[in-house]
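What follows is a short report on a single structure.
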Amino acid sequence: MPLYEYRCKSCGQLFEKMVSFSQSSKTQECPVCKSPDTSKQMSTFASKGSSPAAASSCSSTGRFT
Ligand SMILES: [Zn+2]
């Protein structure tokens, strides 16, 4: 089962939960304040997008001028 990260909109709590595919579209209850008002976080995709290596290779081309 995939592990999803959720953020509670009520108290701001971040929590992870193992959710089966059939349950992934359902909202998860906050473990702290029991609020059902939570949103799924896309943290795994966001961390892969920004790489500092791409920025350093870009500055090396500036030595041509
Ligand atoms: Zn909460």
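The values are calculated or read from the model by the stated rules, or taken from the named source; none is laboratory data. Just so we're clear, the structure is a prediction, and the values are computed from it rather than from any experiment. Please note: Cβ atoms are built from the backbone with ideal geometry, for glycine as well, and neighbour counts cover all protein chains shown. For the accessible areas, the whole protein counts, side chains as well, though only heavy atoms, and no ligand, DNA or RNA atoms are used. Shrake-Rupley method; radii C 1.70, N 1.55, O 1.52, S 1.80 Å.
The table below lists the values:
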quantity: Among residues of the stretch 18-44, those that are more than 13 Å from Met1 (Cβ to Cβ) and either part of a helix (DSSP H, G or I) or open to solvent by 80 Å² or more (accessible area, probe 1.4 Å) (or both), counted; calculated: 10
quantity: Selected residue (criterion: farthest from the ligand (Cβ to nearest atom)) from residues of the stretch 1-13 that are open to solvent by less than 80 Å² (accessible area, probe 1.4 Å) and part of a strand (DSSP E or B); calculated: Tyr4
